[in-house]
Structures are given as structure tokens and as C-alpha cells.
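Take a look at the structure below.
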Amino acid sequence: MSSNVVLAGSRTPQAGRPVEQEGWLSMRKCLAGVVCAVLVVATLKEVVAASKEDVTRLDGKLLLMLAASNEAEMESYYTGYVQGIVDGYAAAVRLGALKLFCIKEPISGADIADVVRVWLRQNPQAHDKEARGLVLAAMTAFFPCEQARDE
């Protein structure tokens, strides 16, 4: 006899996990994405400080510099930052934030980083803005939602 209890309207647990445990695992994944984004930003600030630039915030100019770098470490920071912002935003949407973009098919972190890289190159007038907002602007431009905003 199974010890899993499934309440009416709840979904069936995967691989024999109790419903409560499965929900906890999903929350842990969301938190891991947010923690990753925070760590990447902290590391980026250290990298910038080490280069002796006076930067008080990560802006589009610095983000594009990281995106265009031929150094694997800088590319990793860039991709991790972008993926962290997108993952953190996805968690916020699940908690009720306005959905700005709609990715209809699975997409890799590298592809998301490429989308933002292209958008940054096409929009040099935005390079003085904060990087996190530019990541969301790029995603909104490349993956618009079909439904009207006033619904």
C-alpha cells in the first residue's frame, strides 16, 4: 500500500515522491537560481574592482564587454548572470509578477545569453541602463507574449 496521499485537484507525484516533497524540490530549484544570480553579481563586482574601474552598478556597457570577451571565465560570468536574471524572473512570475516574455520551447542558457548579446549590440543607446533591466528588455523583444496586455 502506498503512503503517498494525493488530495483532490493536486497532481500525481513523480517517481513515488510525496506531493509535499516534490513541491519542496521545485522551490529549492527556484531558490538555487536566485542564489546563483546573486553570487554571479557579487563575483562580477569583484572582477570589475580588480580591473580598477569605478563601477557602482552593472550596466549594459559592462555586460556587453563581458559578452564580447574571448576569455572563457568572462563568458561564463556573462552567461551565468543572464541565466540567473531569467531564472529569478521566472520564479517571480510563478509568484504572481507580470509576465513580460513567453518562451514557448525549451531553450539553453547559452542561447538565452546569445539573445541578450544580439539585443545589446542592436541597442547601444541603452548601454547606460542597469544590466538586469536590459536582460528583461532583450527577452521581451525576442520572446513577446501573444495575448494582449489588457486581458
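Nothing in this text is a laboratory measurement; each read-out follows from the coordinates by a stated rule. Owing to the predicted nature of the structure, the values given are computational and were not obtained by experimental measurement. All Cβ positions, glycine included, derive from the backbone under ideal geometry; neighbour counts span all protein chains shown.
Filter the range 130-141 for residues that are within 13 Å of the chain's Cα centre (by Cα) and farther than 15 Å from LEU58 by Cβ; which is surrounded by the fewest Cβ atoms within 10 Å (Cβ to Cβ)?
THR140
Residue pairs, Cβ under 8 Å, 6 or more apart or interchain, first in the range 107-124 and closer than 17 Å to LEU62 by Cβ, second among the polar types (S, T, N, Q). List them.
Qualifying pairs under 8 Å: ALA113/THR79; ALA113/GLN83.
Of all residues in the range 114-129, how many are part of a loop (DSSP other than H, G, I, E, B) and surrounded by fewer than 13 Cβ atoms within 10 Å (Cβ to Cβ)?
Summing the residues that are part of a loop (DSSP other than H, G, I, E, B) and surrounded by fewer than 13 Cβ atoms within 10 Å (Cβ to Cβ) in the range 114-129 gives 1.
Just to be sure before I move on: is LYS99 in contact (Cβ under 8 Å) with a residue 40 or more places away in the chain, in a loop (DSSP other than H, G, I, E, B) and either among the small types (Gly, Ala, Ser) or out of contact with any strand residue (DSSP E or B) (no Cβ under 9 Å at 6 or more places or on another chain) (or both) in the structure I sent?
Yes.
If you take the residues of the range 130-151 that are in contact (Cβ under 8 Å) with a residue 40 or more places away in the chain and outside any helix (DSSP H, G or I), which of them is farthest from THR79 (Cα to Cα)?
So, considering only residues that are in contact (Cβ under 8 Å) with a residue 40 or more places away in the chain and outside any helix (DSSP H, G or I), the one farthest from THR79 (Cα to Cα) is GLU146.
Can you tell me how many residues within the range 66-113 are over 15 Å from the mean Cα position of the chain (by Cα), surrounded by 15 or more Cβ atoms within 10 Å (Cβ to Cβ) and not acidic (Asp, Glu)?
Residues in the range 66-113 being over 15 Å from the mean Cα position of the chain (by Cα), surrounded by 15 or more Cβ atoms within 10 Å (Cβ to Cβ) and not acidic (Asp, Glu): 3 in total.
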